[in-house]
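Please read the structure below before turning to the comments.
The values are calculated or read from the model by the stated rules, or taken from the named source; none is laboratory data. Everything numeric in this text was worked out from a predicted model, so none of it was measured. Methodologically, a virtual Cβ is constructed for each residue, glycine included, from the backbone with ideal geometry; neighbour enumeration extends over all protein chains shown.
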Amino acid sequence: MTSATVAQSTVGDAASQRASCIGLETPRTRKQHNRPVWLSLPLRFLVPGVIVAVWWIGTATGTISPAVLASPGAVFDAFVELYRTGQLVDFALASLERAALGVGLGVGVGLILGVLAGLYTLGEELIDSTMQINRAIPFLALVPLFIAWFGIDNTFKVLLIAIATVSPMYAYSYLGVRNVDRKMIEAAQGFGLTGGRLILGVIIPTALPGILMALRICLSISITGLIAAEQVGTREGIGYLVSLAQEYNRTDYMILCVVLYAILGLIFDLIVRILEKYSMPWRAGVTVR
């Protein structure tokens, strides 16, 4: 045994003795235990499965009236009916297109404004007060005004979703940029990074957790904006299907629309999860498993 090994052993023993004297335990190496997929996947669907089972039993036994809540079988029949006519795919794609365009516009504008306000004092003075006013106004209150300005075509619907999503993206981007360590920026500048290279190479990656959280919130809010927008002057889309269901009192169509909106939300959440997985791989080891 070398002298260096003996010295390390002596130091380790001394540290362990000091830790035991003050009631501390010797640190142990933490191992990452990943739950197997065959167990993790059923757990994710456990609660929704229980809800569907209660729904199915309630409608099958007559405890829940079909006039109040259609049975899962009736909802599935409505799905098959609309799918065979081709309306379901057309309506879903129309809604997805409106949501994607609105979110893309709102998120893009909110990200740019948030970075400018977070980086520069002049940007904050010019932008922040206006964005706080926009955040304080419920976007649903703008529906009549937007109809008067833009009519009832797709422009109105896309802009309403954009207005609904721009404020969360701005707020989280602003906070994310402000929380970037100043020393990191100075170090990057010392290596010659300035302007756009500094923003794209250092500031945006560092603020990425907040930006992705904002994206998750924006995608959720976009569904609310989509529902409101598609209630007006629409001949295709999930919102139009909701209007038809309400007009003809088809609870099976109503529940089907709720399921479609839920699926749309899951698709959006999956997109954000994929972005988080590949852009921030280190976050997988944070959760206590």
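List the number of the failed condition for A207; all other conditions in (1) surrounded by fewer than 19 Cβ atoms within 10 Å (Cβ to Cβ); (2) at pLDDT below 85 hold.
(1)
Having 2 or more residues that are farther than 16 Å from T251 by Cα and at pLDDT 85 or above is the bar; report the helices (runs of 4 or more DSSP H) wholly within region 19-103 that clear it. Reasoning before the result, please.
Details: elements: 37-44, 46-60, 72-85.
Once the helices (runs of 4 or more DSSP H) in region 19-103 are filtered for at least 2 residues that are farther than 16 Å from T251 by Cα and at pLDDT 85 or above, what remains is 46-60, 72-85.
Of all residues in region 125-144, count the ones that are within 16 Å of K157 (Cβ to Cβ) and under 23 Å from the mean Cα position of the chain (by Cα).
Count: 2.
To keep it simple, each residue is scored yes or no on (1) surrounded by 12 or more Cβ atoms within 10 Å (Cβ to Cβ); (2) under 30 Å from L93 (Cβ atoms); (3) among the hydroxyl-bearing types (S, T, Y); (4) modelled with pLDDT under 80.
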site	(1), (2), (3), (4)
G190	no, no, no, yes
V202	yes, no, no, yes
I217	yes, yes, no, no
I221	yes, yes, no, no
T224	yes, yes, yes, no
L256	yes, yes, no, no
G265	yes, yes, no, no
F268	yes, yes, no, no
R283	yes, no, no, yes
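How about region 240-262: which of its residues are under 18 Å from T85 (Cα atoms) and in contact with a Leu (Cβ under 7 Å, 6 or more places away or on another chain)?
Y253, C257
Suppose we filter region 105-121 for residues that are in a helix (DSSP H, G or I), without any contact (Cβ under 8 Å) to a residue 12 or more places away in the chain and not hydrophobic (A, V, I, L, M, F, W, C); how many remain?
Looking only at region 105-121, we keep the residues that are in a helix (DSSP H, G or I), and these are 105-119, 121.
If we keep only those that are without any contact (Cβ under 8 Å) to a residue 12 or more places away in the chain too, we end up with 108, 112, 116, 121.
Now drop any that are not not hydrophobic (A, V, I, L, M, F, W, C), which leaves 108, 121.
Of the residues in that region, 2 qualify.
Examine region 123-145 for a residue that is touching a Leu at 6+ places or on another chain (Cβ under 9 Å) and among the basic types (K, R), and state whether such a residue exists.
Within region 123-145, not a single residue is touching a Leu at 6+ places or on another chain (Cβ under 9 Å) and among the basic types (K, R).
Out of curiosity, is V158 crowded, with 18+ Cβ neighbours inside 10 Å and at pLDDT below 85? It would help to see each step written out before you state the result.
On the way: crowded, with 18+ Cβ neighbours inside 10 Å: yes; at pLDDT below 85: no.
Answer is no for this residue.
Quick one: which helices (runs of 4 or more DSSP H) lie wholly within region 174-254 and hold at least 3 residues that are under 24 Å from I147 (Cβ atoms)?
Details: elements: 182-190, 195-198, 208-229, 238-247.
In region 174-254, 208-229, 238-247 are the helices (runs of 4 or more DSSP H) which contain 3 or more residues that are under 24 Å from I147 (Cβ atoms).
Consider L212 against the criteria (1) over 19 Å from the mean Cα position of the chain (by Cα); (2) touching a residue at least 60 places away in the same chain (Cβ under 8 Å): it satisfies all of them except one. Which criterion is unmet?
Answer for L212: the failing condition is (1).
On the given criteria, is I147 more than 24 Å from the chain's Cα centre (by Cα), in contact (Cβ under 8 Å) with a residue 40 or more places away in the chain and either over 30 Å from V202 (Cβ atoms) or in a helix (DSSP H, G or I) (or both)? Steps first, answer last, please.
Details: more than 24 Å from the chain's Cα centre (by Cα): yes; in contact (Cβ under 8 Å) with a residue 40 or more places away in the chain: yes; either over 30 Å from V202 (Cβ atoms) or in a helix (DSSP H, G or I) (or both): yes.
Judged against the criteria, I147 is a match.
Among the numbered criteria (1) under 14 Å from A164 (Cβ atoms); (2) surrounded by fewer than 17 Cβ atoms within 10 Å (Cβ to Cβ), which single criterion is violated by G102?
(2)
May I ask you to list the residues in region 241-250 that are surrounded by 20 or more Cβ atoms within 10 Å (Cβ to Cβ) and in contact (Cβ under 8 Å) with a residue 24 or more places away in the chain?
Passing the criteria: only L241.
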